[in-house]
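Reading through the structure tokens given below for one structure.
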């Protein structure tokens, strides 16, 4: 009888005879044998590392558990064996550089949000219609027309609006009666009574009548 190499044989669990390792039926007792199960293991590579037989991925140092797929070497493959996490160092926390970038992004979003709110507020205010003219508006506009027609406009001294007569006429015009102290062509301060009538069309001011002293400068 030809003897088989030791690494190519196994013992039948039923009759204890020596048979081939790959045999599925014993040639002596005829009993069926369970196929050999290859357990997960780490194979040493020529480069000095190790290769997991389960996931076929390498790692540098000898281990009892694959750091890639988590299988434990020397144990049959099972759901419990595969579900265990691989041994190794815990994941590193996020670096300080990442946190700094996140803070910058959040700050920029807040700044742009505030600028957008201010711009929207400005647009809302600008879209409002102009305020309706009142007696103060009429007083200021008429006083401007009078000052522009004086001999020495920079010397003009007007009283307060409380001393003026300001009336809204039925025609929609505003009538203002008052006085002004200013220098004449000789440099002497004189007081002149004046009257003015104006009307408004939106933001436009139209002069209808203007009288300073005895001089009528406009009448329509």
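Using a simple spin-label model with points 7 Å from Cα along the Cα→Cβ vector, what separation in nm is obtained for residue 169 and residue 61?
10.4 nm
Would you please give the FRET efficiency between residue 177 and residue 115, computed as 1/(1 + (r/R0)^6) with r the Cβ-Cβ distance and R0 = 45 Å, to the nearest 0.05? Before the final figure, lay out each step's value.
Values: r = 50 Å, r/R0 = 1.11.
Here the calculated transfer efficiency is 0.35.
By its C-alpha gyration tensor, with a ≥ b ≥ c as the square roots of the eigenvalues, how is the stretch 141-180 shaped: rounded for a/c under 1.5, else prolate for a/b larger than b/c, else oblate?
On the way: a/c = 3.72, a/b = 1.78, b/c = 2.09.
In terms of gyration-tensor shape, oblate.
All of the numbers you see were taken from the coordinates with simple rules; none came from a lab. For clarity, every value in this text was computed on a predicted model and none was experimentally measured. Don't worry about glycine lacking a Cβ; one is built from the backbone with ideal geometry, like all the others, and counts go over all protein chains shown.
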